[in-house]
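Structure first, then comments.
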2 protein chains.
Amino acid sequence: MSTLATQLEQMENHRSVFEDAVRQLPLPTCAAFGSAAAPRPIRFAASGRVLGTRDSDTVARHFAQTVAASGNAVLHGAGAATPAGGRRVAALFSGGPAAGGHNVLCGLKKMLGAGNTLLGVQGGPKGLLAGKLFEITDAHAADILNTGGFDFLGTDRTKIKTPEQFEQVRKTCIDHALDAIVIIGGDDSNTNAALLAEFLYAGVKPDGSGVQVIGAPKTIDGDLQVPGLLPISFGFDTATRIYAELAGNILQDTRSSLKYWHFIKLMGRSASHVTLEVALQVKPAVSLISEEIAEKKLSLGALVDQIAQTVIARYRNEGLKHGVVLVPEGLIEFIPEMNALIAELNDVLAHEADAFAALAEAGRAEFIAQRLSAASAALFASLPPYIVAMLLAERDSHGNLQVSLIPTEQLLIDMTRSHLARIAPDVPFGSQHHFFGYEGRCGAPTLFDAAYTWNLGLTVGALILDGRSGYMASISGLSSGGEPLAIPLTGLLNVERRHGKDEYVIEKALVRTDAPAMRYFAARREAWAATDRFASPGPRQLWGPAAHQMPMTVALNDEADSLRFRIGE
Amino acid sequence: MSTLATQLEQMENHRSVFEDAVRQLPLPTCAAFGSAAAPRPIRFAASGRVLGTRDSDTVARHFAQTVAASGNAVLHGAGAATPAGGRRVAALFSGGPAAGGHNVLCGLKKMLGAGNTLLGVQGGPKGLLAGKLFEITDAHAADILNTGGFDFLGTDRTKIKTPEQFEQVRKTCIDHALDAIVIIGGDDSNTNAALLAEFLYAGVKPDGSGVQVIGAPKTIDGDLQVPGLLPISFGFDTATRIYAELAGNILQDTRSSLKYWHFIKLMGRSASHVTLEVALQVKPAVSLISEEIAEKKLSLGALVDQIAQTVIARYRNEGLKHGVVLVPEGLIEFIPEMNALIAELNDVLAHEADAFAALAEAGRAEFIAQRLSAASAALFASLPPYIVAMLLAERDSHGNLQVSLIPTEQLLIDMTRSHLARIAPDVPFGSQHHFFGYEGRCGAPTLFDAAYTWNLGLTVGALILDGRSGYMASISGLSSGGEPLAIPLTGLLNVERRHGKDEYVIEKALVRTDAPAMRYFAARREAWAATDRFASPGPRQLWGPAAHQMPMTVALNDEADSLRFRIGE
């Protein structure tokens, strides 16, 4: 075997040139923790800020122990603490993967040090129920440092809900003599952390004490934010930089090939944070922001007309036959008339299911149309056949349409094409469509996400050593060194009716149309639509002059004076 | 407006942090040219190597002037030359975009220097016919240096074929007083360069002299290669690194989420170079190489069974419910029985078009099946309905099916699922599919592509100043400093029957199953299939320790001793 073949074989199992190099990157560490090599535990103390929601009274009754302990006060660092020892801490990933999860484990392991034990839970919440735990060593941590994905532990989407499941968790705590559980996840997972924190608050261990529960804020969607306290969830920067590179490449392709409009759907569930960030990065002709469309109560027809007018103006004024349209994954549910139509359809299909099922394929659309309101019937008639077929397809177990399966990007292309054929048949409209999704969840973390999650892990560890429970770790002040914070989870909870039952939820942070990032976008987008002014942010860099950026939306909303993040500076 | 908002606005029009930084990167320059700051022209002389194909005699008759001048001998550098002045050179992009095209222009501009004029042709060959030329300045070159795409000039796919088109080119040469044309394109575009070189060889300018034509080897597909002379076309490295990053991200996602088989189709037309390179970079469970499938005469059923056996073995032996399958874009045309079926279908549809058109939708498949050979009828019956519908859909103007439109990745998923349901119903098989294509053509060039194309541009310029015509520029010795070469285009030409007419073609370089890269892949793939051994190559880096890689297939096939390219070292 040649020398090169041997080298290539040694790159198997996460040993690419890149992966070996990122393991050696320096770790920017917030001043509160001292040095990266030997970060020290800190004490936490209540800051002036107390959180609450419209449902705080209900929450206080149901989370009596954790609310009594925290007073819903945000905690900040209050100086060095004496290292505690002998704690056994279990950490798990929950929900979809996001870049930086491994560094949360690395920071946590570092903070716990040799005097405490860190256990990894395999396969997410399901592994916690089944008691699938193993000890995480320093060698493991060195191996996963600065790498993407959740593949070291795996993850799943199980929600811990039933009394039996809570008992199973208690059993795992006892079997493994746990002192604390760390849940690395999104809004639902952190709600679960709040519920577990209360359930395990006392009476778990032989001495009658409880098991602490701490959350870490993860989601590429960016919809887990707390103004002034949690600037962004981890994974958002990496995912949006991946999508922005690809969208930038496509923009350069449109101006090179000179013939296509590319419609790009971007992952990110309901909120349009991902789309807004990518729009700011690449400056395409059209970017749809669901929250604004809902606020303006735009109809689907009006939206399609807006797109078509841009297509027409670029061709007539500039001779351009190309452009890019960014479409947020959750768009459909933000168009009021689509919501009305879907609700009416769900209703008809539920109440006349047998009559509908007895019909031949060809008669179904007509049968439905007769039973809709005039407005919904008109909208229904305007939709392409494959969308009609989807709207009449099987419902989920709750009788609801799976809106996320509708190929919005294709729908917009087809409706724009028909509309153009009517109002401007001379305007050429070649098209391509894309969905950027899975590619963005497990990429190698940006320096921003790597630094942010390392410090989140240190904060989680320090909170555990300080005896805290029911908090979510955060780092604020990303442009000025970074400050570890702890957000009381009960201070974020609301009560929401889901599937006929009251449930606790952390409300998703949607794009605010009055936020600085949105205002900046609104001020520039007409110029971007009029003619090509796009930029290519390129592949994210871990070394060199382009490596230290933070998300543009975060920098604008935080009123930072540059894009450079300064964690640990 | 805040300071940050001002900064962001200044990033419009290709001024992202990344784009501003790459313009400052050093330019590795082959020793033959002296320094990057002031590269000097060189003379060329015949090396020992003379090229030829089975059709060389026919070619020599039809390309009498260029063959007489070159003798089909490969040229290499033969020392410094006195700079020539007063030349007017027009350059154009042809065909799909690829990373590095801008640097070919920059190298060419640099070599021509202040004493000669470089013109850019807008919008590809069509712009040459229409005479859409403008002068490229030093400021333009500084602006596009190390950026991706062909957006500075634009491109198109027009082939210059008819006598009228050749006359139009002659007119453009006269109108713009051109001394040389540079065509930056793939196999077809370089064939066009050969034809133009012969046509313009003499009698164009008032003094009776001709216009030189030089080609540069571009294509992300990697199918333009000449063993020992042209290691790879430019753009291949960048595109495959983009696809490999995304495939690596997906692999980490499979091992994080633990539930899906992802089938990824990769752009690259007929040849499987792109798939082989990405396979070597990420080491997935299954990678299909079309050329090997054709060589082994595998049936579609046998191929599906191979995939299913890997799915079964990974689940039964390792408990894995996930994996990645790489699928080359051109796969279908390499499966002999699919070719036979498509040929029979084209035949039946051509000869019984009226009878077929008169049938109702429901009766069509049956009508066709009765007219196929037993083998083709059996294959036809095994295909899912949407593939049958495509196979019976409209033909192109030559009566052929557009094979590239068949969603191969979806077909393989559906057939694997059906096959598993029959032979191993207990084995779970969740799936997702992807097509990585446009995202890879216009990304910012890797350092490899940036260095390679800068030197290709210098070589093109030196060939023009040395009075050569009918050559394609190349750089060989990528692991040992880099040596400029000129390949006589007539030495690569074959005659091929296309649409009932003899045409000159440069034969596409397919993956050779006995090449070192393929042998290495074949030796490792069973280990990659048995359990996860993947790596994540990460985003391509322009700075730092992971920046200097060349393609793994190129390094293996060139028997290099490492992945590091050493152009200019």
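Computed values, structure above
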{"read-out": "Residues (among the charged types (D, E, K, R) and either outside any helix (DSSP H, G or I) or within 11 Å of the chain's Cα centre (by Cα) (or both)) located in region B:228-253", "value": "B:Asp237"}
{"read-out": "Any hit, region A:308-331, residues being at pLDDT 95 or above, acidic (Asp, Glu) and either more than 23 Å from A:Trp528 (Cα to Cα) or surrounded by fewer than 17 Cβ atoms within 10 Å (Cβ to Cβ) (or both)", "value": "yes"}
{"read-out": "Qualifying positions in region A:8-42 - more than 20 Å from A:His140 (Cβ to Cβ) and surrounded by fewer than 16 Cβ atoms within 10 Å (Cβ to Cβ)", "value": "A:Pro26, A:Ala31, A:Gly34, A:Ser35"}
{"read-out": "Some residue of region B:42-53 being in contact with a helix residue (DSSP H, G or I) (Cβ under 6 Å, 6 or more places away or on another chain) and not in a loop (DSSP other than H, G, I, E, B)", "value": "yes"}
{"read-out": "Of all residues in region A:490-531 being among the aliphatic types (A, V, I, L, M) and within 14 Å of chain B (Cβ to nearest Cβ), the one that is farthest from A:Thr219 (Cα to Cα)", "value": "A:Ala530"}
{"read-out": "Yes/no for A:Leu153 being of a type in the set (A, V, I, L, M) and buried (at least 23 other Cβ atoms within 10 Å of the Cβ)", "value": "yes"}
{"read-out": "Lone unmet requirement of (1) within 14 Å of chain A (Cβ to nearest Cβ); (2) touching a residue at least 40 places away in the same chain (Cβ under 8 Å) for B:Gln24", "value": "(2)"}
{"read-out": "Test: residue in region A:279-298 that is assigned to a loop (DSSP other than H, G, I, E, B), surrounded by fewer than 24 Cβ atoms within 10 Å (Cβ to Cβ) and at pLDDT below 95", "value": "no"}
{"read-out": "Flag for B:Gly457 being assigned by TED's automatic domain parsing to the domain that holds B:Phe33, within 30 Å of B:Ser209 (Cβ to Cβ), outside any strand (DSSP E or B) and within 19 Å of the chain's Cα centre (by Cα)", "value": "yes"}
{"read-out": "In region A:371-395, the residues that are more than 17 Å from A:Ala340 (Cβ to Cβ) and modelled with pLDDT of 90 or more", "value": "A:Pro384"}
{"read-out": "When residues of region B:256-276 are limited to those that are at negative phi and aliphatic (A, V, I, L, M), the one farthest from the other protein chains (Cβ to nearest Cβ)", "value": "B:Ala271"}
{"read-out": "Of all residues making up region A:277-305, the number that are of a type in the set (Val, Ile, Thr) and more than 14 Å from every other protein chain (Cβ to nearest Cβ)", "value": "4"}
{"read-out": "Check on B:Lys171, in a helix (DSSP H, G or I), within 14 Å of another protein chain (Cβ to nearest Cβ) and more than 28 Å from B:Ser476 (Cα to Cα)", "value": "no"}
{"read-out": "B:Pro484 under 30 Å from B:Lys110 (Cα atoms), out of contact with any Pro (no Cβ under 9 Å at 6 or more places or on another chain) and either away from chain A (no Cβ under 13 Å) or surrounded by fewer than 19 Cβ atoms within 10 Å (Cβ to Cβ) (or both)", "value": "yes"}
{"read-out": "Per-region count, region B:180-225, residues assigned to a strand (DSSP E or B) and either at pLDDT below 95 or buried (at least 21 other Cβ atoms within 10 Å of the Cβ) (or both)", "value": "13"}
{"read-out": "Condition check for A:Ser418: surrounded by fewer than 17 Cβ atoms within 10 Å (Cβ to Cβ), of a type in the set (Ser, Thr, Tyr) and free of Cβ contacts under 8 Å to residues at least 40 places away in the same chain", "value": "yes"}
{"read-out": "Flag if B:Thr66 is polar (S, T, N, Q), farther than 24 Å from B:Asp502 by Cα and modelled with pLDDT of 95 or more", "value": "no"}
{"read-out": "Selection status of A:Ala21, outside the structural domain of A:Leu492 (by TED's automatic domain parsing), touching a Pro at 6+ places or on another chain (Cβ under 9 Å) and not acidic (Asp, Glu)", "value": "no"}
{"read-out": "Tally, over region B:532-550, of residues that are within 30 Å of B:Ser476 (Cβ to Cβ), facing another protein chain (nearest Cβ under 10 Å) and surrounded by 18 or more Cβ atoms within 10 Å (Cβ to Cβ)", "value": "11"}
{"read-out": "Filter pass, B:Arg468 being of a type in the set (D, E, K, R), touching a residue at least 40 places away in the same chain (Cβ under 8 Å) and more than 28 Å from B:Ser272 (Cα to Cα)", "value": "yes"}
{"read-out": "Hits in region A:120-168 - residues which are part of a helix (DSSP H, G or I) and within 14 Å of another protein chain (Cβ to nearest Cβ)", "value": "A:Pro125, A:Lys126, A:Gly127, A:Ala130, A:Asp143, A:Ile144"}
{"read-out": "A:Leu492 in contact with a Phe, Trp or Tyr (Cβ under 7 Å, 6 or more places away or on another chain), modelled with pLDDT of 95 or more and closer than 16 Å to A:Pro227 by Cα", "value": "no"}
{"read-out": "Count - residues of region A:497-523 that are part of a helix (DSSP H, G or I) and surrounded by 18 or more Cβ atoms within 10 Å (Cβ to Cβ)", "value": "4"}
{"read-out": "Single match in B:Glu559, B:Glu569 (criterion: within 8 Å of chain A (Cβ to nearest Cβ), part of a loop (DSSP other than H, G, I, E, B) and in contact (Cβ under 8 Å) with a residue 12 or more places away in the chain)", "value": "B:Glu559"}
{"read-out": "Candidates B:Thr6, B:Thr66, B:Thr58, filtered to the one that is within 30 Å of A:Phe565 (Cα to Cα) and among the hydroxyl-bearing types (Ser, Thr, Tyr)", "value": "B:Thr6"}
{"read-out": "Criterion: closer than 22 Å to A:Ala99 by Cα and facing chain B (nearest Cβ under 8 Å) - qualifying residue of A:Ile250, A:Ile232, A:Ile242", "value": "A:Ile242"}
{"read-out": "Complete set of residues in region A:1-18 that are in contact (Cβ under 8 Å) with a residue 12 or more places away in the chain and either in contact with a Pro (Cβ under 8 Å, 6 or more places away or on another chain) or away from chain B (no Cβ under 12 Å) (or both)", "value": "A:Phe18"}
{"read-out": "Among (1) surrounded by fewer than 17 Cβ atoms within 10 Å (Cβ to Cβ); (2) over 22 Å from the mean Cα position of the chain (by Cα); (3) farther than 21 Å from A:Thr3 by Cα; (4) not basic (Lys, Arg) - the single one B:Ala529 does not satisfy", "value": "(1)"}
{"read-out": "Residues within region A:313-348 that are more than 26 Å from B:Gly154 (Cα to Cα), out of contact with any Lys or Arg (no Cβ under 6 Å at 6 or more places or on another chain) and assigned to a helix (DSSP H, G or I), tallied", "value": "15"}
{"read-out": "A:Phe263 being of a type in the set (Phe, Trp, Tyr), under 23 Å from A:Phe150 (Cβ atoms) and touching a residue at least 60 places away in the same chain (Cβ under 8 Å)", "value": "no"}
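The values are calculated or read from the model by the stated rules, or taken from the named source; none is laboratory data. The structure displayed is predicted, hence computed values, not measured ones. In this analysis, Cβ positions are derived from the backbone assuming ideal geometry, glycine residues included, and neighbour counts consider all displayed protein chains.
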